[in-house]
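Following: one structure in structure tokens, then a few remarks.
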Amino acid sequence: MPHLERVEVRALAPQRFKEVIPVERYDRFAEAIAQARALLADRVVWNVNSTAKGGGVAEMLQSLIAYAKGAGVDARWVVIEGDPDFFTITKRIHNRLHGAEGSPGELAGAEHAAYEHALEANGEALLEEVAAGDIVLLHDPQTAGLTRTLKDAGAVVIWRCHVGLDMPNELAREAWRFLIPYITAADAYVFSRQAFQWEGLEQGKMHVIPPSIDAFSPKNQDMSPATVDAILSATGLVEGDENVPPAFLRVDGSEGKVTRPTQLFDLPPLRAGTRIIVQVSRWDRLKDPLGVMQGFAEHVPLEDAHLVLAGPSVEAVADDPEGAEVLAETHSAWEGLPAAGRERVHLACLPMEDGAENAAIVNAIQRRAEIVVQKSIAEGFGLTVAEAMWKGRPVVASRIGGIQDQIEDGVTGSLIDDPHDLAAYGAALVNLLENPADAAGIGKAAQERVRDAFLGPRHLMQYIDLIRKLVAGGETAQ
């Protein structure tokens, strides 16, 4: 029997959103919370995924579960186990859902057998926890094979897919064909945007719920410029004196401090005052770290501008077996840059031992940046974009996936029509660097866009509507 990891999440009062959203919107949110508390009084809401850290899904679950518990809902989170073969297969599925081949190999009989073998014991362990009538949200391909087991036990099952492709190709459809037999029994399917919905699924079961960020988490909470400098100095990314403590607030309200070093490759810390462009993401080929680096080196000739490519320590992300390979490829490509390019490009692996500390470092990097980049080749939604926008940063990003739902080109950020067009990417960076007043106006509009559309209350209300429909037969709100 595998050991299901139970992720402990402390309840947070949803009333804190009074600080950041308009009164009328908060009133609707408070009404929805009261409805959820009554509807789910005798049920548990379970969230099941494959990692407790190292990605947007885990971060989002930390927030949503905390506010659900604070609203009086019994919300719980468990993480399944898997062997290396299982995670190799699910990473292949992940890549193909994005339209990319990823690791070579089939998604056929042997892969079905290995996938089902890994999930069989996880399903048995879940049956010891989940009761008939409970709500179970299964997240992403790693959990799809648990659907039938939980439905047969009497649970209400929602399968949530956080990745997708605007224009599906045969690789994406291959992944669909692999997964659809496992999820057919689900009561509902949730996608991040309408374009991501799959062919072959029952139309009435498909729902669209965009993701959200938590304005109060260590990754997004407000920080003074002095605190930003102190955190980046403490972690060794930027030179500086710590005139104030490198402190942040943890989710439970206690003070945390940044003490662990960021791993830099072959270069010293950046000098204080250096203008920084940042991309923060997993070490993933679909995030195109090589293109981000090459486009900057070749098309941003401003000598006082530096690029930071930051990602997690690769040993810490259990469900991404390709991370170390991509980091090695990126470092090798960095070594191949001309000397002038190498001096202006910095690779950084952020410490992951303490998730809140990691989030605070990301927060400080984004706030220190003049521009944040998300030049992905494929993207499910790209919450890194909303995080940077919330901090008032202008973002240069690819016109793909959910990124284009967040950014209005020229108003709340800059979109690149073709993520492979390195010259256009470089030109967008130079335009913002050379026009700081325009960049500041875009950053201000970006923050308002996130306040309106991508904070937790909207997200929670949509889930409450969907669960009410499934449990009580009500209609979802528009």
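Could you tell me the accessible area of S254 in Å² (1.4 Å probe, neighbours in place), rounded to the nearest ten?
50 Å²
In what sequence, largest accessible area first, do L470, L347 appear using a 1.4 Å probe? Spell out each step's value before the answer.
On the way: L470 50, L347 5 Å².
Ranking L470, L347 by accessible area, largest first, yields L470, L347.
Before anything else, pin down the relative contact order of the range 198-288: Cα pairs under 8 Å, at least 6 apart, normalised by residue count, whole percent. Intermediate results must be reported in sequence, preceding the final value.
Details: 80 pairs, mean separation 18.9, N = 91.
About 21 percent, as a whole number.
Return P(r) of the chain (all Cα-Cα pairs; 10 Å bins starting at 0; whole %; ordered from short to long distances).
4, 20, 31, 27, 14, 3, 0
Just how far, in whole angstrom, is the range 333-384 from the range 118-133 if you go by their alpha carbon centroids?
38 Å
Which whole-number value in Å² is the accessible area per residue of the chain, probe 1.4 Å?
Values: 18850 Å² over 478 residues.
The answer is 39 Å² per residue.
Got the relative contact order for the chain handy, in percent, Cα pairs under 8 Å and 6 or more residues apart? Walk me through the numbers before you get to the answer.
Working: 919 pairs, mean separation 70.6, N = 478.
Here the relative contact order equals 15 percent.
Given the rule -39500 (n - 2.57) for each run of at least 4 DSSP H residues, summed and divided by the residues of the chain, what is its mean residue ellipticity at 222 nm, to the nearest 500 deg cm²/dmol?
Computed mean residue ellipticity for the chain: -13000 deg cm²/dmol.
Kindly provide the pair-distance distribution of the range 217-315 built from C-alpha pairs, with 10 Å bins from 0 and whole-percent values in order of increasing distance.
Once binned at 10 Å, the Cα pair distances of the range 217-315 give 13, 40, 35, 11, 1.
Can you give me the solvent accessible area of W390 with a 1.4 Å probe, rounded to the nearest 10 Å²?
That residue has around 20 Å² of solvent-accessible surface.
Counting pairs of alpha carbon atoms under 8 Å apart in space and at least six apart in sequence, what relative contact order in percent does the range 267-387 give?
On the way: 150 pairs, mean separation 47.5, N = 121.
It rounds to 39 percent for the range 267-387.
Can you give the FRET efficiency to the nearest 0.05 for S254 and E31, using r as the Cβ-Cβ distance and R₀ = 41 Å? Intermediate values should be presented prior to the final figure.
Values: r = 32 Å, r/R0 = 0.77.
Working from the Cβ atoms, E equals 0.85.
Take the Cα pairs of the range 1-103, get the Kirkwood Rh, then feed it into Stokes-Einstein at 4 °C and 1.567 mPa s and tell me D in µm²/s.
Working: Rh = 16.0 Å.
The Stokes-Einstein estimate is 81 µm²/s.
Can you give me the solvent accessible area of H420 with a 1.4 Å probe, rounded to the nearest 10 Å²?
Accessible area of H420: about 120 Å².
For the range 225-350, give the percent of accessible area contributed by carbon and sulfur heavy atoms, probe 1.4 Å, rounded to a whole number. Walk me through the intermediate numbers first.
On the way: 2820 of 5500 Å².
That share works out to 51 percent.
So if I take the centroid of the Cα atoms in the range 27-41 and the same for the range 50-101, what is the distance between those two points in Å?
25 Å
The values are calculated or read from the model by the stated rules, or taken from the named source; none is laboratory data. Computed from a predicted model, the values in this text were never measured in an experiment. Neighbour counts run over all protein chains shown; Cβ positions are idealised from the backbone, glycine included. Note: areas computed on protein heavy atoms with side chains; ligands, DNA, RNA excluded. Shrake-Rupley method; radii C 1.70, N 1.55, O 1.52, S 1.80 Å.
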